[in-house]
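The values are calculated or read from the model by the stated rules, or taken from the named source; none is laboratory data. Everything numeric in this text was worked out from a predicted model, so none of it was measured. FYI the Cβ positions are ideal-geometry reconstructions off the backbone, even for glycines, and counts take in every protein chain you see. Accessible surface areas use protein heavy atoms only, side chains included; no ligands, DNA or RNA. Shrake-Rupley method; radii C 1.70, N 1.55, O 1.52, S 1.80 Å.
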Protein chains: 4
Amino acid sequence: MQIITDELARQVIVARPAISHKGDFGRILIIGGSQQYGGAAIMSASAAVYAGAGLVSVASDLSILASLHTSLPEAMFIDYRQPFVQWAPTVQAADVIVIGPGLGLSAFALLLLKQVLQAAQPEQTLLIDGSALTLIAREKLALPDAQLILTPHQMEWARLSGLSIAQQTVANNQAALADYPKATLVLKKHHTEIYHQTQVSQLMIGGPAMATGGSGDTLTGIIAAFCGQFGTNYQTISAAVYTHSAISDQLAQKQYVTLPTQMIQALPQFMAQMAHQ
Amino acid sequence: MQIITDELARQVIVARPAISHKGDFGRILIIGGSQQYGGAAIMSASAAVYAGAGLVSVASDLSILASLHTSLPEAMFIDYRQPFVQWAPTVQAADVIVIGPGLGLSAFALLLLKQVLQAAQPEQTLLIDGSALTLIAREKLALPDAQLILTPHQMEWARLSGLSIAQQTVANNQAALADYPKATLVLKKHHTEIYHQTQVSQLMIGGPAMATGGSGDTLTGIIAAFCGQFGTNYQTISAAVYTHSAISDQLAQKQYVTLPTQMIQALPQFMAQMAHQ
Amino acid sequence: MQIITDELARQVIVARPAISHKGDFGRILIIGGSQQYGGAAIMSASAAVYAGAGLVSVASDLSILASLHTSLPEAMFIDYRQPFVQWAPTVQAADVIVIGPGLGLSAFALLLLKQVLQAAQPEQTLLIDGSALTLIAREKLALPDAQLILTPHQMEWARLSGLSIAQQTVANNQAALADYPKATLVLKKHHTEIYHQTQVSQLMIGGPAMATGGSGDTLTGIIAAFCGQFGTNYQTISAAVYTHSAISDQLAQKQYVTLPTQMIQALPQFMAQMAHQ
Amino acid sequence: MQIITDELARQVIVARPAISHKGDFGRILIIGGSQQYGGAAIMSASAAVYAGAGLVSVASDLSILASLHTSLPEAMFIDYRQPFVQWAPTVQAADVIVIGPGLGLSAFALLLLKQVLQAAQPEQTLLIDGSALTLIAREKLALPDAQLILTPHQMEWARLSGLSIAQQTVANNQAALADYPKATLVLKKHHTEIYHQTQVSQLMIGGPAMATGGSGDTLTGIIAAFCGQFGTNYQTISAAVYTHSAISDQLAQKQYVTLPTQMIQALPQFMAQMAHQ
């Protein structure tokens, strides 16, 4: 099993071409949030913006509109309770779709998830997180032909794979992932593992300072932004996961906990460190 | 009477185990806020998040939803005007419940308080603050069999105990606390005192720079986070009270007043100082 | 005419007594804001909180509720469209009332102003600013028997006094102020002048970097907080006016403009500098 | 073709006269924003405030009211869905009107644009950006007799001018601009070009770190504030464009992306650097 190092991050986070415009750095659509978990969508979107995504839209509950425009004026808002057909063009135009952060398990969440799974196209990256994974496991939903990224923690992976946490060995995880041949699996745990077909690698950094609500939501935004800028592939996803933990480790030298909003603020500087070397 | 020192804070605020996840650091539920006093619930929840609580939910008035998701996307929101049965699972799942900050004295506040007192379980920590204490005194409400923490200032303690401020001697306070044998009393005053059964200790730090609205709300969040992470006991509560004042003293070297939002921001660094030594 | 120096500010901004609580530092009520000018009330209240006021309430339009609780959780909110009788207790309990910032000139604003003028008590400090001054001039409203502070800019003073800007000489201003014998006049202009009965003094600091929307609103909050903490008198008001401009001058060494939100943030440190010397 | 240097910025950004008030630094009206793109209007207004504009109003959708008063209490709000006649006085009183940021392409946006184009007066500066340019091109709207500033990116200019991006040579752009003889054209691209009648100049700074959503909205606010303070002319507009990119370049030494909210915060210090030399 390969170890993910900062070398990889430095290879992925390349200096931007001088002649470029925001369209070159990815159109990201975050679908998530709800009255109860509105902050999750905001953290995911904030991470995407601060990690360099060109254009970020958030499809969410109307109750988070004011919070989004206040916290992150750089992002655009879509009311996800509109008829899907009205905002389907935004779904189709996205390079990367994130579904799940703060979405919850309501009937509406399930309906929305089904519509998005149906709409996703082969060339699009679709990152599925949190409650969306739980819904997929519970409802046995088929995954679309898209560039899939799954970001479960161990319990969510247990629901998806049928493997108890004790059973989640590398071999078993690889076998279970065969059901999703196009997917990359980011299995969040102490020393997160990343799987894609026969590839497996592991993160040896990241500490307990990041064990706080919203940490996973933040990761989804970083992965989305990286895929939007550097192309969706195993290296890009691994570098995003590395970046998330490396920032926490830097902050944790002086902080007992490293909160998502702090990690998000640190993204532009961390990425400059990686790119300039 | 024992003096609470930074030694105690260093003993309580231990380095986190490397293998851990947010569930290990406490599920906190803050019940408070109202149209008039919405900020109180936000400050309590913010303090809990920045003091390291794993998962923080706020049950409050809908009017604070946008402010919460903007100021503290890390927290979850529950509309406390829903029928109690609908969010009782969140109450039951909480390791630490805080009731009171900004709750007010309305008929609804009283109803809610009664429901929470009834729902609290012996293994749960229940911190009662502010107007909730006033309601308990006025309505002579019985306290539940839970790990109780009471955080009155002197006037609120007078209402609860029947002791005028002049009568609030250590002996009298201990005698009055006998009515609440499972409770720890944090009596907020110049040189705050902490009582539990026969134990009494006193804080000799903290100054007038923290005499500003919201200071007490902030304290509730710190105590809740500490109990969620380090276990509810006399040491933990004392260390939380110490932390609150020590941060103010640090900031007061350069500030005439130390505002709650500033103290909250300083929590992760202060706790790292305590833990690394 | 006396010059206001930092010596005065150092005399007024004294170290706080060790044994004190938030009630000792003033109950401030800001009445202002409207859908169009909501930020004015928030800036006034923020200045009051950061300048050390013990307890700050804002009576305003419901449309600013979320912004207030987000920007300044330390403050309390009152919906000023409630029947006045319902929140009259808050008006009566205030040590210092500020009316005007962002209030506008609507019929409702006039009604509210009349109610507040009627409710003000001799021992209360009543600071009248902005559109409230214009309404008083236009409607020829009588001022109450209270500790009055008027903070017009030159055009507003022209409306109140009948003196054109060219006519606003010290002698004429003193004569005009005789109509308001209990009032202190803060005449805002390049080198602001402060009048009370036979006293006149002038500010020689402050520069064009503070010529930006909201600067006057911020001043009202500083004056209110100072009166709440140090007692309402000519010295206190002068020290507040000095503080406002001195902070701008400090920031203007590195900034082309000094925005209200930046000046507000700088208050606790500036006041510590004054108090520690 | 002339190159825009920091020399020009230093000539334009002059020290403020000691005796001055906010009215001397321009009344700016930003017309834009919508539920989906509310942040755009906030970023434009924030840039205007931080770049020194005296008074900034935002006419927008009610859904951004709370975000505006939270993020930028210095600005005033107007509900642009009111009958136009009700807020026409604000339009008439503005020195500089910005229309477009986040306005969108709805029927309402078109109606509003037509009303504003009709209301604009010869002595007013009218900056037209984003979707307002697209609407003008699509609906072949006539431009008013005002001091016009057009800020299209290359695709928007293609729609306006009929020139494909490949055809956008200096000569062709000059020829196309002859249709708008009073207009200054800021053609946003790698090495932005500025045209006015026979003048052409080019920016050689600015890099890919600013290729992120909201960058153009921020530019509109800086240009508006500069015109409000320094007078609308070719030099002022060029200095504003220079300032926008120079700030990004400064931040990009340590950041992979330079976000609009960060660039806005940096304006007062950058302008002080220019003015003090």
GNM top mover of D:Val257, D:Val91, D:Val58 - chain D, alpha-carbon springs below 10 Å: D:Val257
Considering only chain D, what is the antiparallel percent among its DSSP beta bridges, to the nearest 5? 25 percent
Counting alpha carbon pairs within less than 8 Å and at least 6 residues apart, what relative contact order, in whole percent, applies to chain B? 24 percent
Provide the buried accessible surface between chains A and D in square angstrom, both chains summed, 1.4 Å probe, rounded to the nearest 100. 2500 Å²
What are the label-to-label distances in nm, one decimal and shortest first, from D:Val85 to the same spot in the other copies, with labels 7 Å along Cα to Cβ? 3.9, 3.9, 5.6
Counting DSSP beta bridges with both partners in the protein assembly as shown, what percentage is antiparallel, nearest 5? 25 percent
Place the label 7 angstrom along Cα→C-beta at C:Pro122 and in each other copy, then list the distances from the first to the rest in nm, shortest first. 6.3, 6.3, 8.9
Counting only protein heavy atoms and a 1.4 Å probe, tell me what percentage of the protein assembly as shown's accessible area is made up of carbon and sulfur. 52 percent
Full extension between D:Thr169 and D:Gln2 adds, at 0.36 nm per residue less the Cα distance, a length in nm of 58.6 nm
Given a Förster distance of 22 angstrom, what is the FRET efficiency for A:Asp79 paired with B:Gln86, based on the Cβ-Cβ distance and rounded to 0.05? 0.35
Minimum 10 Å² accessible area buried by the other protein chains, segment A:205-248 residues, probe 1.4 Å, relative to alone: A:Pro208, A:Ala211, A:Thr212, A:Gly213
Pick from D:Leu68, D:Leu105, D:Leu150: which is most flexible by mean-square fluctuation in a GNM of chain D where alpha carbon atoms under 10 Å apart are linked? D:Leu105
Using only C-alpha positions, report the orientation-averaged shadow area of the convex hull of chain D, nm², one decimal. 13.6 nm²
Pull up the DSSP beta bridges for segment A:129-244 and report the antiparallel fraction as a percent, rounded to 5. 65 percent
In whole percent, what relative contact order does segment D:124-277 give with Cα contacts below 8 Å and a gap of six or more residues? 17 percent
If you count, for every residue in B:185-197, the Cβ atoms of partner chains within 10 Å of its Cβ, what is the mean? 1
Please identify which residues in segment C:22-41 have an amide N closer than 20 Å to a label point set 7 Å out from the Cα of C:Leu141, following the Cα→Cβ vector. C:28-41
What accessible area per residue comes out for chain A, rounded to a whole number of Å², with a 1.4 Å probe? 34 Å²
For D:Ala93 and D:Gln199, FRET efficiency with R0 = 25 Å and r from the beta-carbon atoms, rounded to 0.05? 0.25
Shielded residues, segment B:249-277 - accessible-area loss of 40 Å² or more between chain alone and all protein chains, probe 1.4 Å: B:Lys254, B:Tyr256, B:Val257, B:Leu259, B:Thr261, B:Pro268, B:Gln269
Candidate cut points under GluC sites (Glu not before Pro) in segment A:94-180, DSSP loop plus at most 14 other Cβ atoms within 10 Å of their own Cβ, are A:Glu123
For segment A:145-277, the Cα convex hull volume per residue in Å³ comes to 112 Å³
Ranked from the most accessible area to the least, with a 1.4 Å probe and all protein chains present, what is the order of C:Asp79, A:Asp145? A:Asp145, C:Asp79
For segment D:1-91: relative contact order, % (alpha-carbon pairs under 8 angstrom, 6 or more apart): 25 percent
Tell me what chain D gives for mean residue ellipticity at 222 nm when only DSSP H runs of n ≥ 4 count, each as -39,500 (n - 2.57), the sum divided by the residue total, rounded to 500 deg cm²/dmol. -14000 deg cm²/dmol
Can you list the residues of segment B:30-48 that have at least 50 square angstrom less accessible area with all protein chains present than in their chain by itself, probe 1.4 Å? B:Gln35, B:Gln36
Lys and Arg at +1, Asp and Glu at -1: neighbours of D:Ser245 with Cβ under 14 Å from its Cβ sum to -1
Given the pairs D:Lys114/D:Lys189; C:Lys189/D:Lys254; A:Lys254/D:Lys22; A:Lys189/B:Lys188; A:Lys114/B:Lys114, which are separated by over 32 angstrom at their Cα positions? C:Lys189/D:Lys254; A:Lys254/D:Lys22; A:Lys189/B:Lys188; A:Lys114/B:Lys114
Selected from A:Gln202, A:Gln253, A:Gln118 as most flexible by GNM, with chain A as the system and alpha-carbon contacts under 10 Å: A:Gln253
Distances from D:Ala15 to the same residue in each other copy, label points 7 Å out along Cα→Cβ, in nm, shortest first? 3.9, 3.9, 5.5
Where a ≥ b ≥ c are root eigenvalues of the Cα gyration tensor, a/c under 1.5 meaning rounded, otherwise prolate if a/b exceeds b/c and oblate otherwise, segment D:127-174 counts as prolate
Please give the residues of segment D:1-35, grouped as numeric ranges, whose backbone N is less than 12 Å from a label point set 7 Å along the Cα-to-Cβ vector of D:Asn233. D:12
